[in-house]
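Worksheet for the structure shown next.
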Amino acid sequence: MRLVDIRPRRGARLVLGALPIFALLIVYLVASEARHLDNPADKLLPTFSAMADAIRAFTTDRDPNTDRILIVGDTLASLYRLGIGLAIATVTALVLGLLLGVMPLARAILGPTIAVVAVIPPVAVLPILFILLGLDEASKIALIAIGIAPFMTRDLTNFVAGLPAEQFTKAQTLGANSWQLAIRVALPQLMPRLIDALRLSMGPAWVFLITAEAVAADVGLGYRIFLVRRYFAMDIILPYVAWISLLAIAADALLLFLSRRGFPWAHGAGR
């Protein structure tokens, strides 16, 4: 039997996937304990007990700005910005992807502009957004939307443009107009791809969110991380990073679940 023919069962996949994580935790445990034996005041690698104390603090203490528990207020603020930004980017990419993918004329007019916008580093336009939109929520949400919408649009456009031409020809033979081609032929096939594009965009979206919150915010996960970094508070930073990772994993799992339940035909065997 070749290695490429080995397909672990679901339970085995979970165990195999957990092994590297446990290995990293053990390595960290050994390294942190060793550093604290040499220097009990070391802040670079806090012990698990120190992080537990920090977790207990930011899950019980209240933020004077919001009167909410620190982790709750930060999480709600960040998820609000992230959700609105992703929603704007997703709707924009869906509309433009359909338009440019179905209509070659629109692709010829708007395609180059979107390609140019897609290569501009979004973080580089953050000062411009702050000047135009101010330091409130609008600039942070705009950064997320501008950061991922062009890439999603290009991906969806290429997908629609790559659909078999026979599908559009048959639909036109049956009397379909341009609107019906987009809605009845392209859109149903595009939806699983849209969810995949959104899943792939979650990582950059978190980066843009953390960047914006670090520059100008008074609440949020990114704000809290950059606030405590000046004190080298790794016992707070590491749990916050782990919490952001858990939120991202949960969002990705939810999107995958929705894709498989809503469009089972798009997920082949073995995926």
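I'd like the full set of residues that are of a type in the set (Val, Ile, Thr) and assigned to a helix (DSSP H, G or I), limited to the stretch 50-93. Those that are of a type in the set (Val, Ile, Thr) and assigned to a helix (DSSP H, G or I): Ile55, Ile71, Val72, Thr75, Ile84, Ile88, Thr90, Val91, Thr92.
Is it the case, given these coordinates, that Asp42 is at pLDDT below 85 and within 29 Å of Ala205 (Cβ to Cβ)?
No: the conditions fail for Asp42.
Flag: Leu126 does not match the condition of being in contact (Cβ under 8 Å) with a residue 40 or more places away in the chain, farther than 26 Å from Ala248 by Cβ, in a helix (DSSP H, G or I) and hydrophobic (A, V, I, L, M, F, W, C). Would you point out which residue out of Arg199, Arg224 is basic (Lys, Arg) and surrounded by 19 or more Cβ atoms within 10 Å (Cβ to Cβ)? The conditions single out Arg224.
Selection of the stretch 236-255 for residues being open to solvent by 40 Å² or more (accessible area, probe 1.4 Å), of a type outside the set (D, E, K, R) and within 13 Å of the chain's Cα centre (by Cα) yields Ser245, Leu246, Ile249, Ala250, Ala253, Leu254.
Residues in the stretch 87-132 that are open to solvent by less than 60 Å² (accessible area, probe 1.4 Å) and small (Gly, Ala, Ser): Ala87, Ala89, Ala93, Gly97, Gly101, Ala106, Gly111, Ala115, Ala118.
The values are calculated or read from the model by the stated rules, or taken from the named source; none is laboratory data. Computed from a prediction, not measured in an experiment: that's the story for all the values here. Because the Cβ atoms are built from the backbone with ideal geometry, glycine has one as well, and the counts that use them run over all protein chains shown. These area figures cover heavy atoms from the full protein model, side chains too; ligands, DNA and RNA do not enter into them. Shrake-Rupley method; radii C 1.70, N 1.55, O 1.52, S 1.80 Å.
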